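Take a look at the structure set out below.
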Amino acid sequence: MANWHCVKHCGACCHLDPSDRPDLDQYLSPPELALYLSLVGEDGWCVNYDALNRECRVYAERPRFCRVEADVFQDLYGIEPDELNEFAIDCCREQIEGVYGDRSLEMLKFDQAVGI
């Protein structure tokens, strides 16, 4: 069975372009939505994303909606804890494909890391 975990130096989830996520207001509270939108840079990437090192500059203090944790996903998306692994893998694969492509090095690294 595949097991989700974050793959360093990917950053696909840091591409926050709201046009890619038209339903943000469905799962983020008004203050969270305002925070989310404040983090989107002109290029669609999070203002806290270090493109050179491909990592978050505020990872330890990142917002709740950036955390892949059972309680967060249950609250935001209604995902039960026992469904988190599969859901997170699907989300990451979709995001990586949208940002880098389905045959990208990032996708290959992710699939290998999670055991797909």
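Rule-based calculations on the coordinates, nothing more; no lab input. In this text, all values refer to a predicted model and were calculated from it rather than measured experimentally. Here the Cβ positions follow ideal geometry from the backbone for every residue, glycine too, while neighbour counts run over all protein chains shown.
Here are a few things to note about the model shown:
- Low-density loop positions, GluC sites (Glu not before Pro), the range 62-96 - DSSP coil, at most 13 other Cβ in 10 Å: E69
- Stretching the chain fully between R21 and A2 yields a gain of 4.3 nm (0.36 nm per residue, less the alpha carbon separation).
- Mean separation of Cα contacts under 8 Å, 6 or more apart, over the residue count of the range 12-114: relative contact order %: 24 percent
- Around the amide H of W45, modelled in the peptide plane, lie the amide H atoms of L16, all under 5 Å away and 5 or more residues distant in sequence or on another chain.
- Note on the chain: Rg/Rh from Cα positions, Kirkwood definition for Rh, rounded to two decimals, is 0.94.
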